[in-house]
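**Student:** Before I ask anything, let me first share the structure, which is written out below as structure tokens.
None of the figures in this text is laboratory data; all of them are computed from the coordinates on show. If you're wondering where the values come from, they're calculated on a predicted model, not measured in any experiment. Reconstructed Cβ throughout: ideal geometry from the backbone, glycine too, with neighbour counts over all protein chains shown.
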Amino acid sequence: MKGSAAAQILSLLVRQGATVSVAESLTGGLIGAALTDPMGASAAFRGGVIAYATELKIKLLGVPADLLEREGAVHADVAAAMAKGVRDLAEADYGLAVTGVAGPDTQDGKPVGTVHAAVCGPRARVWHRDLMLTGSREHIRDATAKEALELLRGVLEANLGEQSG
């Protein structure tokens, strides 16, 4: 499923003449790997940042330190800031970001399975998806990557409709 979603996403990006970059925390590169799997990915995929440590979210992605201090790393606004940060860093049209808790322990008072995904697109518009996933650490990471790709695909499909409408 991830492979076919990634191929569809890349096709949509190429049709729009757009590019994407990713910022990943709990998925550790699964989304970037999925998006680089289809042939021709370099036409639309700019790159990614695996910002597992909180301080890298600040240094590399420009997530405000006060936001992280106030809310912790697992928050919808942090995902949105990561998406904007990677979009700006990579000079891409879209930034896709995920942050959450895959387990085995809670983080910042958030239970295992709490996940936030965000897409930052043209004119810094942000779309987000908040998830509560269950299962093993591996399942949560895989499900997060799948949900994030689905969020991006939905945004791209909507934007394609706006462009042709």
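**Student:** Note down the nm distance, to one decimal, between modelled labels 7 Å out along Cα→Cβ at ASP88 and at ASP105.
**Tutor:** Going by the 7 Å Cα→Cβ label model, 3.3 nm.
**Student:** Can you compute log10 of I(q)/I(0) for the range 49-135 with the Debye formula, treating each Cα as one identical point scatterer, at q = 0.16 Å⁻¹?
**Tutor:** Result of the Debye calculation: -0.56.
**Student:** Now, a different point. Please compute the modelled spin-label separation between ARG125 and LYS146, points set 7 Å along Cα→Cβ, answer in nm with one decimal.
**Tutor:** 2.8
**Student:** Compute log10 of I(q)/I(0) for the range 2-157 with the Debye formula, placing one identical point scatterer on every Cα and leaving out solvent, at q = 0.10, 0.17 Å⁻¹, to two decimals.
**Tutor:** Results for the range 2-157 at q = 0.10, 0.17 Å⁻¹ read -0.30, -0.87.
**Student:** So if each residue of separation counts as 0.36 nm, and I subtract the Cα-Cα distance between ARG70 and ALA158, what length gain in nm does that give?
**Tutor:** Gain in length upon complete extension: 28.4 nm.
**Student:** Could I ask something else about it? Relative contact order, percent, of the range 2-157 when contacts are C-alpha pairs under 8 Å separated by at least 6 residues?
**Tutor:** Details: 332 pairs, mean separation 38.7, N = 156.
Answer for the range 2-157 is 25 percent.
**Student:** Continuing with the same structure: Which percent, nearest 5, of DSSP beta bridges in the chain are antiparallel?
**Tutor:** Numbers: 14 of 24 bridges.
The answer is about 60 percent antiparallel.
**Student:** I've got another one for you. Mind putting together the pair-distance distribution for the range 12-58? All Cα pairs, 5 Å bins, whole percent per bin, short to long.
**Tutor:** 5, 22, 27, 20, 13, 9, 4, 0
**Student:** A follow-up question, please. At 222 nm, what helix-only mean residue ellipticity would the chain give, in deg cm²/dmol to the nearest 500, using -39500 (n - 2.57) for each DSSP H run of four or more?
**Tutor:** -15000 deg cm²/dmol
**Student:** Let me ask something else about it. For a quick check: sort MET132, MET82, MET39 by the number of other beta carbons within 10 angstrom, fewest at the front.
**Tutor:** Placing the least packed residue first, the sequence is MET39, MET132, MET82.
**Student:** Cα centroid distance between the range 32-50 and the range 130-165, in Å?
**Tutor:** So the two Cα centres are separated by 16 Å.
**Student:** Let me ask something else about it. What does the charge count near GLY62 come to, summing +1 for each Lys or Arg and -1 for each Asp or Glu among other residues with Cβ under 10 Å from its Cβ?
**Tutor:** +2
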